[in-house]
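Structure record follows, encoded as structure tokens.
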Amino acid sequence: MYLNLVPENYAGTKYKVERVTGKKYENVPCLYKILNPRCAKYALKLIGEVMKEHGLQFAESQTLDYYVSGYSYETTDALIGKGLVKEIKKRETYEKYMQMKRRFSFARKIGEDK
């Protein structure tokens, strides 16, 4: 992860950062490698440092309400009745469905590469 920090400020700390050079990295001279969950936790703290320098505040959590007005709740039976949901009753049917789904997604990925 490349950051707009001065790597020398983190020498001898728990943050193992490297200075990167080159025109491509002149705005982000600090490289921090995320190798494990602990490094990821430290990366969040480094991101917090960058945000602090730019006057931004790190939000711990964000709640979003995905409710769309105008649509009421419908039971599964009602959705099955409208043909919007298919109920799979047999294990064999489910496995066949999953195989078809895998084949379709695989074929789609191949097609997207072209």
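No value in this document is a laboratory result; all are computed from the given coordinates. As the structure is a prediction and not an experimental result, all values here were calculated from the model. Reconstructed Cβ throughout: ideal geometry from the backbone, glycine too, with neighbour counts over all protein chains shown.
In the neighborhood of residue 76, defined by Cβ-to-Cβ distances under 15 Å, what is the net charge if each Lys or Arg adds +1 and each Asp or Glu adds -1? So the surrounding residues net to 0. Applied to the range 62-69, the Karplus parametrisation 6.51 cos²θ - 1.76 cosθ + 1.60 on θ = phi - 60° returns per-residue 3J(HN,Hα) values of 9, 10, 10, 9, 8, 5, 10, 5 Hz, with x for Gly and Pro. The structure shown yields percent of Cα pairs over 22 Å apart, and of the options (1) 27; (2) 65; (3) 53 that calculated value carries the label (2).
Using the Cβ of residue 58 as centre and a radius below 10 Å, the other residues enclosed give a net charge of 0, where K and R count +1 and D and E count -1. With helices as the sole contributors, the chain gives -13500 deg cm²/dmol at 222 nm; each DSSP H run of n ≥ 4 counts as -39500 (n - 2.57), and the sum is divided by every residue.
Overall, the chain carries a charge dipole of about 720 debye about its Cα centre when +1 sits on the Cβ of Lys and Arg and -1 on the Cβ of Asp and Glu, all other atoms neutral. Each Lys and Arg adds +1 at its Cβ and each Asp and Glu adds -1 at its Cβ; summed about the Cα centre, the range 22-74 shows a dipole of about 500 debye. Amide H to amide H distances under 5 Å link residue 5 with 30, where only residues 5 or more positions off or on other chains count and H is placed in the peptide plane.
Karplus-derived 3J(HN,Hα) values for the range 8-24, using 6.51 cos²θ - 1.76 cosθ + 1.60 with θ = phi - 60°, are 4, 5, 10, 5, x, 9, 5, 8, 8, 9, 10, 8, 10, 10, x, 4, 4 Hz; glycine and proline are entered as x. Quick one: helix 91-113 against the long Cα principal axis of the chain, what's the angle to the nearest 10°, folded into 0 to 90? Result, in degrees: 50. Can you tell me the 0 to 90 degree angle between the C-alpha axis of helix 37-53 and the longest principal axis of the chain, rounded to 10? Rounded to the nearest ten degrees, it is 70.
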